[in-house]
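Enquirer: So that we are looking at the same thing, I have put the structure below in structure tokens.
Nothing in this text is a laboratory measurement; each read-out follows from the coordinates by a stated rule. The shown structure was predicted, so the numbers you read here are calculated from the model rather than taken from an experiment. Methodologically, a virtual Cβ is constructed for each residue, glycine included, from the backbone with ideal geometry; neighbour enumeration extends over all protein chains shown.
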Amino acid sequence: MQIVQQICCPNCGSKAERHYISDSHITRTQCPACDYLMISCTRTGKVIEAYAPGIHAKM
């Protein structure tokens with residue numbers, strides 16, 4: 001089962017979507033305006049994949 005929720009993008013503030021995919025225990029957040037993407041596990045909370053243009057990783 002998949003649930004889609006409209007949210008504000010955490011990167012740019014535009015309209016984005018959060019997909020809850022219960023079969024695979026995955027949450028996918030994506031924004032078409034800035035190309036933000038975050039895929040995480042709903043069981044562990046660990047990030048599986050992330051892409052956030054304009055946000056620099058700490059080194």
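Enquirer: Taking θ = phi - 60°, what integer Hz values does the Karplus form 6.51 cos²θ - 1.76 cosθ + 1.60 yield along the range 29-45, in sequence order, with x for Gly and Pro?
Expert: 10, 9, 10, x, 6, 10, 6, 5, 8, 9, 10, 9, 8, 6, 6, 9, x
Enquirer: Highest first, please rank the peptides 31-38, 43-50, 2-9 by the mean number of other Cβ atoms sitting within 10 Å of their residues.
Expert: Ranking the peptides 31-38, 43-50, 2-9 by packing returns 31-38, 2-9, 43-50.
Enquirer: Per residue, what volume in Å³ does the convex hull of the Cα atoms of the range 2-51 enclose? Don't skip to the answer; put the middle values down first.
Expert: Values: hull volume 3.2 nm³, N = 50.
Output value, Cα hull per residue: 64 Å³.
Enquirer: Please work out how much length the chain gains when fully extended from Gln30 to Ile48, using 0.36 nm per residue of separation minus the C-alpha to C-alpha distance, in nm with one decimal. Could you put the intermediate results ahead of the total?
Expert: On the way: separation 18, 0.36 × 18 = 6.48 nm, distance 1.37 nm.
The Gln30-Ile48 span can extend by a further 5.1 nm.
Enquirer: Relative contact order of the range 2-51: what whole-number percent is it, with Cα pairs under 8 angstrom and at least 6 residues apart? All intermediate terms of the calculation are to be shown ahead of the outcome.
Expert: Numbers: 105 pairs, mean separation 12.4, N = 50.
With pairs under 8 Å counted, the relative contact order is 25 percent.
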